[in-house]
């Protein structure tokens, strides 16, 4: 049943069955939740096509609203974001090329950690010029230390929308050892 649900998710069809969190979809991204009502605005029900090269982190502006300053290692937490779609294209977490919220951890030297980030769905389709409040689920690094959390978008099976890097919001977070 889970394989069939993952196939349906990859095709971008809406399904009724409840799906356990963290089901791994065959296309390489996490299916965090699927709902019959995705909040899609009228006229935005088409699956996502690949975005043109001119759409980047400047036209798709993410702003961190609420984020922790400390977390325990190997824990999951949420960051509240505002997404402003300054492009001429609607964004949605549907279809064969969905747009998801993602992140990148940077160490104290600015080097990225080599960890596949968790993806989070957009709460609804975001029309050109619209603003959406979003929640990104983030997995803390396994090692304690000081890190920068870089928040970004990814269009699955197409590309990371992470350029120019200066346009990406960053949050400084101290990762603490787990409390006994």
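Read-outs throughout are calculated quantities, based only on the coordinates presented, and are distinct from any laboratory measurement. Note that this is a predicted model, so its numbers are computed, not measured. Counting neighbours? That spans all protein chains shown, and the Cβs are built from the backbone with ideal geometry, glycine included.
Would you list 157, 48 from fewest to most Cβ contacts within 10 Å? Before the final figure, lay out each step's value.
Numbers: 157 13, 48 22.
In order of increasing Cβ crowding within 10 Å: 157, 48.
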Cα-based Rg / Dmax (Å) for the range 83-180: 14.7, 50
Nearest-0.05 FRET efficiency for residue 158 and residue 106, computed from C-beta distance (R0 22 Å): 0.40
Hull volume in cubic angstrom per residue (convex hull over the Cα atoms of the range 47-90): 127 Å³
Extension gain, residue 61 back to residue 116 (0.36 nm per residue minus Cα-Cα distance, nm): 17.6 nm
Residues 133, 93, 64, 87, sorted so that the one with the fewest Cβ neighbours within 10 Å comes first: 133, 64, 87, 93
